[in-house]
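A short worksheet on the structure shown next.
The values are calculated or read from the model by the stated rules, or taken from the named source; none is laboratory data. Please read these numbers as outputs of a predicted model, since none were measured by experiment. Here the Cβ positions follow ideal geometry from the backbone for every residue, glycine too, while neighbour counts run over all protein chains shown.
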Amino acid sequence: MAESMFTTGGPLRLPVFFSAVLMAAVLVACSDSGDPAKAAGDQGLAATNGFLDTDSNAGGKSKVLEGDGPKFGDADLAGDGLLWETPDLPEGIALEIAGKPVDHFVTEAYLMGLWSTFASSRPLETPVEELTNEFFADPEALFYDLVRGVLLLREAESRFAEYDKHAFEDYKERMEGAAGTVRDSLIARYGEDGWNAHVERRFRLQLLLDDFQQYAAEVTEEELFAFYDSEILAQLPDPEKREHVDVSFTAMEPTIRANLMKGRAVEAQEKWLDDQLEDVAVVATLPAGLLHSWTLSGPR
């Protein structure tokens, strides 16, 4: 999928969403690993990710802080400046879209960073029950991006039920290399099958984005030069820092073209998805077993 993480509402929103799912899962696994340095390090990396830059505390309960800091709802400890333990994400949350349940891994990873960020924005003395009620007060807005992402994933699974196994193994190897030792934590939490299923989802989404290239308009020479002038030349480092780097238009043109075409493929994908949102029924299982159902009537 697209390499850069999305800014909410931006044109790269959907492809990047599933990278965010992986990163959230990474943070969850690290927070349970018993290695505080590893957990903190990965959260720092996540902060460079557009989707997670406000979700860098994703990961649920921290073993480092457990028992050492104030808890939500403890008014006596509020305002003392200490770190606190983010409450666990409420259990039993589930989503059903168009009559089919959404994988728990996807739902949990999507909510984790949002929940952590939301909790950190509220006063420490806020009771957990009140925190939960506020967070789930508008399920339709809360789950909107997840619904879009899942519809896209299902399309990828439908179009690419069969795929090149060699290409998949190469993709998996590269993804495992990127995950590093965190892969072991993920497998410990979700199992080997869970990890493999996630890699396969990502691979199919990559194939889908590639497929949308056929609907993307070609990039013109004028657009290439305009991007080079505004985004490359205007941001070049000092000459001594680029002494051994070729930043000429000829050298940079293939990369610029590829990135602009990828952006157009994302736009075509988004437009296609907007057309799929009519009459999609969604049912969310909220805390305490409460159900909330609604029907989409197009993009927001």
Exercise for the section: State whether one or more residues within region 226-234 are closer than 28 Å to Leu111 by Cα, touching an Asp or Glu at 6+ places or on another chain (Cβ under 8 Å) and hydroxyl-bearing (Ser, Thr, Tyr). Expected result: no
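Let's see how each residue does on (1) at pLDDT below 95; (2) among the hydrophobic types (A, V, I, L, M, F, W, C):
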{"site": "Ala137", "(1), (2)": "no, yes"}
{"site": "Phe143", "(1), (2)": "no, yes"}
{"site": "Leu153", "(1), (2)": "yes, yes"}
{"site": "His166", "(1), (2)": "no, no"}
{"site": "Glu173", "(1), (2)": "yes, no"}
{"site": "Glu176", "(1), (2)": "yes, no"}
{"site": "Val182", "(1), (2)": "yes, yes"}
{"site": "Ile187", "(1), (2)": "yes, yes"}
Exercise for the section: Go through (1) among the hydrophobic types (A, V, I, L, M, F, W, C); (2) outside any helix (DSSP H, G or I); (3) under 30 Å from Glu108 (Cα atoms) and name the single condition Val247 misses. Expected result: (3)
Practice task
Can you tell me which residue within region 244-280, out of those that are among the hydrophobic types (A, V, I, L, M, F, W, C) and exposed (fewer than 12 other Cβ atoms within 10 Å of the Cβ), is farthest from Glu231 (Cα to Cα)?
Solution key: Val245
Exercise for the section: Determine whether region 191-213 contains at least one residue that is farther than 19 Å from Leu153 by Cα and modelled with pLDDT under 85. Expected result: no
Practice task
Would you be able to tell me the number of residues in region 281-300 that are touching a residue at least 40 places away in the same chain (Cβ under 8 Å), assigned to a strand (DSSP E or B) and surrounded by fewer than 17 Cβ atoms within 10 Å (Cβ to Cβ)?
Solution key: 4
Handout entry: Listing of helices (runs of 4 or more DSSP H) fully contained in region 123-237 that carry 2 or more residues being of a type outside the set (Ser, Thr, Tyr) and more than 26 Å from Leu89 (Cβ to Cβ)
Key = 144-159, 165-179, 182-211, 221-227
Handout entry: Top-ranked residue of region 229-263 - restricted to ones that are at pLDDT 90 or above and among the hydroxyl-bearing types (Ser, Thr, Tyr), ranked as nearest to Ala167 (Cα to Cα)
Key = Thr255
